[in-house]
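The values are calculated or read from the model by the stated rules, or taken from the named source; none is laboratory data. Only a predicted model underlies this, so the values are computations on that prediction, with no experimental measurement involved. Don't worry about glycine lacking a Cβ; one is built from the backbone with ideal geometry, like all the others, and counts go over all protein chains shown.
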Amino acid sequence: MDADKKKLFIKTWGCQMNVYDSRKMADVLAGMGYETVEAPEGADMIILNTCHIREKATDKVFSEIGRLRAHKQAKEEAGGKMVMAVAGCVAQAEGDFILKRAPDVDLVFGPGAYHELPEMLMKATGERVVNTDFPAEDKFDKLPGEHKSQGPAAFLSVQEGCDKFCTFCVVPYTRGAEYSRPVQAILNEAKAMVDNGTKEITLLGQNVNAYHGDGKDGKTTSLGELIALLAAINGLERIRYTTSHPKDMDEDLINAHGSIPELMPYLHLPVQAGSNKILKAMNRKHTAESYLDIIDRLRKVRPDIAMSSDFIVGFPGESDEDFEDTLKVVEQVQYQSAYSFKYSPRPGTPAANMAGLVREDMKSERLERLQNLLNNQQLTFNQKTVGLTMPVLFERKGKQAGQLQGRTPYNQSINVPANDRLLGEIVDVQVTEAFGNSLAGTVETTEMIYKAAGS
Ligand code: SAH
Ligand code: SF4
Ligand code: F3S
């Protein structure tokens, strides 16, 4: 650790966009002499990068601020200063309220303002600042490019914001309108990442398949076309994207799954519910049938594609029958993984004022049934891969010594006894055992001999 450097501690909640944003903020501040540390003690700056998607988000932020107060006081008693900042979606939604209720907070800024951090930070050493503008166009271009290694598998934001306005969701309010980055900026960033050792890129966006960026000659480029351009980058071996909306699964993108080998056979495509009445009340703009049809088309071009989804149970007006419809969709699709949540009313969203509230115990019961079914499907999926040999990208050291952890093309996590030299490599692994959330495997011996001979 460099003693001259100022210390930055970032705590991140929420989706992968927040993870990506936190890293970008660290990059911006690195230019001002800050290095990232793993604990808040003694930090010169603390950023809480928050999520507003479900309830208690604001409470969590306030209790975290409370916990950090002691560190701030200790720093001040020692003659230093600790700048405390709240960023992300709670900051966007409740900026003024945070400043009012938490006098220790110096800076509050939403996801559109990260590139203005240096300026805000300079002001904040004098006065308190709120910044919740939405200048997405500037944001990405003014953030620094990739200079450091992001690891073998990394995120790249290509789209931000959402125009869908599902009636339960805060994202269109906290992240603003849809914005797609220009193609060239994305290609440049991807090339720099690959030059630094990244082999797998997950393209990120709140509604990533609504991507429509400016391409060469001002031509609008779809996500399918963008993926084809990225696949042509030498050394970029794997591409994924998340999160998608069924309404934006166009022909191009579906076909990309059949024709681009770098595009991994895994797709997170949230359905939320299986009843058309509930989907309509959610303003999802698709039906259960149109969702299932997309999966049929995907499986025609890529029969082994692994599917994942998000579900909400207990949306206002959801009857037993409606919930059964959700289970039917799950039975038909056979998911590789899924996230499921109890409906949580969010202030300012249309669903928060809808009649037909579902009792909490009913929500819990439905969630348990759904999760049992999904967990069984995940285990079944994992068991079906036992005995297969698959290319695994080793991303990190495993939990136990002598192990590496990676992911299969189907996005399953796998632990394998392997030499550290294989970290960051794509290696053929035979799956030997399946668990609920992960696999165990062994490196194919031919691969080991090959690696040993080549090193
Ligand atoms: N943009 C993505 C993800 C949105 S947030 C998409 O469109 O799918 C991630 C998930 O949180 C959603 O898919 C939804 O299942 C869940 N979620 C969002 N708002 C919620 C709420 N008010 N209550 C419960 N779950 C919610
Ligand atoms: Fe939220 Fe719906 Fe937009 Fe997803 S598509 S971010 S759930 S409003
Ligand atoms: Fe949460 Fe904002 Fe992401 S509300 S899920 S951090 S877009």
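Remarks
Matching residues to (1) touching a residue at least 12 places away in the same chain (Cβ under 8 Å); (2) more than 16 Å from ligand 1 (Cβ to nearest atom); (3) farther than 22 Å from VAL130 by Cα:
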| position | (1), (2), (3) |
| --- | --- |
| MET32 | yes, yes, no |
| GLU38 | yes, yes, yes |
| GLU55 | yes, no, yes |
| LYS60 | yes, no, no |
| GLY80 | yes, yes, yes |
| VAL90 | yes, no, no |
| ALA93 | yes, no, no |
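- LYS247 outside any loop (DSSP other than H, G, I, E, B), under 30 Å from ALA352 (Cβ atoms) and of a type in the set (Lys, Arg): yes
- Given (1) within 19 Å of TYR179 (Cα to Cα); (2) modelled with pLDDT of 95 or more; (3) away from ligand 1 (no atom under 16 Å from the Cβ), number of the condition ARG302 does not satisfy: (1)
- Selection of the stretch 169-208 for residues being more than 16 Å from ligand 2 (Cβ to nearest atom), out of contact with any Pro (no Cβ under 9 Å at 6 or more places or on another chain) and part of a loop (DSSP other than H, G, I, E, B) yields ARG181, PRO182, ASN196.
- A single entry from SER319, SER309 fulfils the requirement of being closer than 24 Å to LYS280 by Cα and in contact with a strand residue (DSSP E or B) (Cβ under 7 Å, 6 or more places away or on another chain): SER309.
- Among the candidates SER319, SER275, SER337, SER290, residue that is crowded, with 16+ Cβ neighbours inside 10 Å, more than 23 Å from the chain's Cα centre (by Cα), away from ligand 3 (no atom under 16 Å from the Cβ) and modelled with pLDDT of 95 or more: SER275
- Residue, farthest from the chain's Cα centre (by Cα), within the stretch 35-53, restricted to residues that are of a type outside the set (Val, Ile, Thr) and within 18 Å of PHE97 (Cβ to Cβ): LEU48
- Criterion: part of a helix (DSSP H, G or I), surrounded by 13 or more Cβ atoms within 10 Å (Cβ to Cβ) and either at negative phi or within 16 Å of ligand 2 (Cβ to nearest atom) (or both) - qualifying residue of ARG369, ARG396: ARG369
- ASP21 within 16 Å of ligand 1 (Cβ to nearest atom) and in contact with a Phe, Trp or Tyr (Cβ under 7 Å, 6 or more places away or on another chain): yes
- Remark: pairs (first residue in the stretch 265-292, within 30 Å of ARG238 (Cβ to Cβ) and assigned by TED's automatic domain parsing to the domain that holds ALA338; second residue assigned to a helix (DSSP H, G or I) and within 11 Å of ligand 2 (Cβ to nearest atom); Cβ separation under 6 Å; 6+ apart in sequence or on different chains) = HIS286/PRO246; HIS286/LYS247; TYR291/PRO246.
- For the stretch 61-73, the condition of being surrounded by fewer than 14 Cβ atoms within 10 Å (Cβ to Cβ) and within 30 Å of SER244 (Cα to Cα) holds for none of the residues.
- Leading residue by the ranking (farthest from ligand 3 (Cβ to nearest atom)) among those in the stretch 1-51 that are of a type in the set (Phe, Trp, Tyr) and over 17 Å from GLU119 (Cβ atoms): PHE9
- Selection within the stretch 38-57 - out of contact with any Cys (no Cβ under 8 Å at 6 or more places or on another chain) and surrounded by 18 or more Cβ atoms within 10 Å (Cβ to Cβ): PRO40, ALA43, ASP44, MET45, ILE46, ILE47, LEU48, ASN49
- Residue count for the stretch 279-313, restricted to those that are within 16 Å of ligand 2 (Cβ to nearest atom) and not in a helix (DSSP H, G or I): 12
- Applying the condition of being aliphatic (A, V, I, L, M) and within 16 Å of ligand 3 (Cβ to nearest atom) to the stretch 183-211 and asking which residue is farthest from GLN16 (Cα to Cα) yields ALA210.
- The criterion of being over 30 Å from CYS169 (Cα atoms), outside any strand (DSSP E or B) and not polar (S, T, N, Q) does not hold for LEU226.
- Test: residue in the stretch 431-447 that is assigned to a helix (DSSP H, G or I), modelled with pLDDT under 95 and among the β-branched types (Val, Ile, Thr): yes
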